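Trainee: Here it is, the structure, as structure tokens.
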Amino acid sequence: ANRAERAALVALADALQAQLSGLVRVLRIEKDNHSDVVRSFEVTKTPVFVLVRRGVELWRQEGLSEAVTLGELIKEKLR
């Protein structure tokens with residue numbers, strides 16, 4: 001990803017963390033730095049958002065979306 005894309009992803013992750021504070025912890029995993037984690041989740045397209053509870057994948061979103069939309073989807077999956 002280029003610098004602008006990375007900045008957009010960081011801003012999105014920060015917005016999600018603010019929106020979902022207390023419900024989830026948002027982690028940004030760089031595929032270049034954590035290729036083993038990326039492989040373990042069988043990521044084929046980036047960016048990907050994965051909701052995991054106690055090691056079990058509950059939900060996955062591939063590609064970009066707005067923080068509000070992602071936040072609402074995540075809240076729904078946590079119910």
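Bear in mind these aren't lab numbers, they're just calculated from the coordinates by the rules spelled out. All figures in this text were calculated on a predicted structure; none of them were measured in a lab. Quick reminder, even Gly has a Cβ in these numbers, built from the backbone with ideal geometry, and neighbours come from all protein chains shown.
Trainee: Could you grab me the full set of residues in region 9-28 that are within 17 Å of Trp59 (Cβ to Cβ) and surrounded by 15 or more Cβ atoms within 10 Å (Cβ to Cβ)?
Mentor: Going residue by residue through region 9-28, those that are within 17 Å of Trp59 (Cβ to Cβ) are 12-13, 16-17, 19-20, 23-27.
Scanning region 9-28 gives Leu12, Ala13, Leu16, Gln17, Gln19, Leu20, Val24, Val26.
Trainee: Restricting to region 49-71, count the residues that are part of a strand (DSSP E or B), touching a strand residue (DSSP E or B) at 6+ places or on another chain (Cβ under 8 Å) and of a type in the set (A, V, I, L, M, F, W, C). Reasoning before the result, please.
Mentor: Pass one, region 49-71, residues part of a strand (DSSP E or B): 49-53, 56-62.
This time we only want the ones that are touching a strand residue (DSSP E or B) at 6+ places or on another chain (Cβ under 8 Å), so: 49-52, 57-62.
When the remaining residues are screened for being of a type in the set (A, V, I, L, M, F, W, C), the result is 49-52, 58-59.
So the answer is 6.
Trainee: Okay, moving on. With the requirement that a residue be over 13 Å from the mean Cα position of the chain (by Cα) and either part of a helix (DSSP H, G or I) or under 16 Å from Leu70 (Cβ atoms) (or both), what does region 38-48 give you?
Mentor: Within region 38-48, Arg39, Ser40 qualify.
Trainee: Just one of the numbered conditions (1) assigned to a loop (DSSP other than H, G, I, E, B); (2) within 12 Å of the chain's Cα centre (by Cα) is not true of Lys31; which one?
Mentor: That leaves (2) as the condition not met.
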